[in-house]
Number of protein chains: 2
Amino acid sequence: MNGIEDFLLEKARKTEQALEGYFASWNGAPAELAEPMRYSLFAGGKRLRPGLVLGAAMLVGGDDESALPAACAMEMIHTYSLIHDDLPSMDDDDLRRGRPTCHKAYGEAMAILAGDALLTMAFDVAAQTGDAAIVREIAHAAGVEGMVGGQVIDLMSEDKPLTVDALRRLHSYKTGALIRGSVRCGAMLGGANAEQLAALTAYGERIGLAFQIADDILNVTGAEADMGKPVGSDEAHHKSTYPALLGLEEARRLAGEQVASAIVALDGFGAEGETFRDLARYVVERRK
Amino acid sequence: MNGIEDFLLEKARKTEQALEGYFASWNGAPAELAEPMRYSLFAGGKRLRPGLVLGAAMLVGGDDESALPAACAMEMIHTYSLIHDDLPSMDDDDLRRGRPTCHKAYGEAMAILAGDALLTMAFDVAAQTGDAAIVREIAHAAGVEGMVGGQVIDLMSEDKPLTVDALRRLHSYKTGALIRGSVRCGAMLGGANAEQLAALTAYGERIGLAFQIADDILNVTGAEADMGKPVGSDEAHHKSTYPALLGLEEARRLAGEQVASAIVALDGFGAEGETFRDLARYVVERRK
């Protein structure tokens with residue numbers, strides 16, 4: 001796994017540098033708002049979504065430079081969703097990545113506004129690609145037929161046992177859409193042709209599902225020190241999960257099947273696709 | 001005022017038709033999310049911001065068709081800001097436009113998500129102009145150096161007496177930026193030249209300030225039946241307002257001065273500018 005971890009680290013560093021640049025350019029922002037935004041954004045995330053944006057761009061012959069705004073926008077949107085999901089009226093979580101959640105550190109009002117601000121500025125950043133189609137791709141992934149729609153389905157499903165199909169739909173919205181959208185934005189900005197875009201969309205779709213199953217498994221089996229939050233929280237919230245519905249072994253098999261199928265989608269890319277093949281494996285083998 | 005009210009009504013009808021079309025296109029959205037979004041969006045607002053977008057486009061020779069996505073986006077963002085401002089951790093308001101606020105009707109979690117969704121989809125809609133510069137204009141107006149930044153300054157200023165300059169800065173961010181941005185987007189989409197854009201930016205700036213002073217005055221003197229919410233709420237929240245700082249008469253004089261100065265900014269437009277001159281007057285003479 002070292003190769004792929006190095007790849008993600010390098011892309012994370014570039015993304016963080018670009019994010020710092022954006023914050024520096026917003027010099028009229030009240031410091032009291034920029035602080036909670038930064039607190040949550042620079043909290044040591046894996047930067048998986050930026051890695052997917054930049055990796056997809058590279059895979060179709062593009063460069064980091066032109067894809068970086070989309071990479072930053074996706075990470076900002078991911079961060080806003082964590083801040084709002086943690087709120088007392090949602091999951092009511094106190095810890096995230098080993099630190100107090102944003103509302104625990106700054107109060108509820110400021111956490112809501114920091115999330116709103118990250119979401120808003122993500123679109124300012126995305127539009128710096130100069131490409132309105134990228135803005136639409138990101139809004140779609142984060143929107144009513146994507147992430148925020150999935151969060152609503154999730155809230156309505158608490159204390160209700162779901163079928164595997166319903167759980168799959170929930171996660172295809174809640175986490176899958178942003179992962180698939182990250183791969184698609186990178187491909188589009190890198191100049192993918194229609195066939196490449198279709199292959200990478202299938203890849204994104206499948207690793208999105210594998211990622212979520214792995215997340216559910218880690219919530220049961222993970223080490224609290226690795227996760228930075230209490231394990232077993234899904235069970236405590238009475239959430240339907242893949243291990244709960246299928247058992248651990250079957251959940252692991254299903255995740256493995258998605259990874260294999262994601263790798264098949266990359267057949268057309270030859271040796272150049274190796275990083276993304278490793279990334280698909282990493283998605284289920286990671287420890288946090 | 002009949003002429004300008006008819007103008008606003010006509011543009012409101014067009015905007016609402018376009019918004020209905022967008023909702024119809026999001027057919028994968030969970031009904032439980034679309035409902036609170038629609039509850040707050042179709043609550044009989046004045047549609048001032050869409051009127052500004054469409055009016056500015058018309059004034060520089062553009063048409064409604066190409067400016068409508070920005071008009072809808074601005075109204076969606078205005079609505080999301082009202083939903084989040086009303087939340088218990090913010091202003092904790094129970095009534096808005098004569099009806100229970102979104103969180104009173106749907107619960108706090110769903111209100112937060114409906115706001116998030118309106119904000120996200122506003123950018124999908126804005127990007128349907130095909131113009132990334134419009135997306136940036138809107139994100140800037142709604143962002144850390146605009147509306148959400150202003151809300152932070154507002155929260156931090158409760159129970160603290162502000163100077164007139166600090167109050168002006170607060171409102172230039174909190175309400176002024178979206179009003180100015182609406183005029184600017186309409187002008188840009190209508191094909192304004194640099195001189196027209198500068199004149200309309202000055203106009204937007206000045207009616208934005210006049211609008212806020214008038215709002216503060218209405219909060220003191222307005223009829224509860226017209227306002228659809230309790231009058232005197234600013235005082236109850238210990239908010240600095242223009243009437244509180246300057247007295248009613250001086251606040252009225254300042255609003256009138258801004259209107260006059262907004263009208264001067266339209267000098268270059270001749271007879272064509274009459275609607276926007278009326279609109280500037282309407283902003284301070286309205287009863288709600």
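The values are calculated or read from the model by the stated rules, or taken from the named source; none is laboratory data. As the structure is a prediction and not an experimental result, all values here were calculated from the model. Ideal geometry is used to build each Cβ from the backbone, glycine not excepted, and the neighbour counts take in all protein chains shown. Note: areas computed on protein heavy atoms with side chains; ligands, DNA, RNA excluded. Shrake-Rupley method; radii C 1.70, N 1.55, O 1.52, S 1.80 Å.
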Among B:57, B:109, B:133, which is the only one that is more than 16 Å from the chain's Cα centre (by Cα), more than 21 Å from residue A:114 (Cα to Cα) and within 13 Å of another protein chain (Cβ to nearest Cβ)? B:133
For residue B:57, work out the one condition from (1) surrounded by 17 or more Cβ atoms within 10 Å (Cβ to Cβ); (2) in contact with a Pro (Cβ under 8 Å, 6 or more places away or on another chain) it doesn't fulfil. (2)
Restricting the search to segment B:30-42, which residues are in contact with a helix residue (DSSP H, G or I) (Cβ under 8 Å, 6 or more places away or on another chain) and open to solvent by 20 Å² or more (accessible area, probe 1.4 Å)? B:32, B:34, B:35, B:38, B:39, B:42
Given the criteria more than 8 Å from chain A (Cβ to nearest Cβ) and either β-branched (Val, Ile, Thr) or part of a helix (DSSP H, G or I) (or both), does residue B:204 qualify? yes
Selected residue (only one of B:147, B:110 is under 30 Å from residue A:92 (Cα atoms), modelled with pLDDT of 95 or more, open to solvent by 20 Å² or more (accessible area, probe 1.4 Å) and in contact with a helix residue (DSSP H, G or I) (Cβ under 6 Å, 6 or more places away or on another chain)): B:110
Would you confirm whether or not segment A:60-75 contains a residue that is open to solvent by less than 20 Å² (accessible area, probe 1.4 Å), under 20 Å from residue B:103 (Cβ atoms) and assigned to a helix (DSSP H, G or I)? no
Would you call residue B:156 more than 20 Å from the chain's Cα centre (by Cα), more than 30 Å from residue A:132 (Cα to Cα), open to solvent by 20 Å² or more (accessible area, probe 1.4 Å) and facing chain A (nearest Cβ under 10 Å)? yes
Verdict on residue A:165 being open to solvent by less than 20 Å² (accessible area, probe 1.4 Å), over 22 Å from residue B:69 (Cα atoms) and either modelled with pLDDT under 95 or more than 10 Å from chain B (Cβ to nearest Cβ) (or both): no
If you go through segment B:86-95, how many residues are touching a residue at least 40 places away in the same chain (Cβ under 8 Å), more than 10 Å from chain A (Cβ to nearest Cβ) and touching an Asp or Glu at 6+ places or on another chain (Cβ under 6 Å)? 1
Take the residues in segment B:195-210 that are over 16 Å from the mean Cα position of the chain (by Cα) and of a type in the set (Gly, Ala, Ser), then tell me which one is most open to solvent (accessible area, probe 1.4 Å). B:198
Considering only residues that are open to solvent by less than 50 Å² (accessible area, probe 1.4 Å) and not in a helix (DSSP H, G or I), which ones fall in segment B:238-281? B:239, B:240, B:241, B:247, B:265, B:266
Just to be sure, is residue A:10 of a type in the set (Asp, Glu), out of contact with any Phe, Trp or Tyr (no Cβ under 8 Å at 6 or more places or on another chain) and modelled with pLDDT of 95 or more? yes
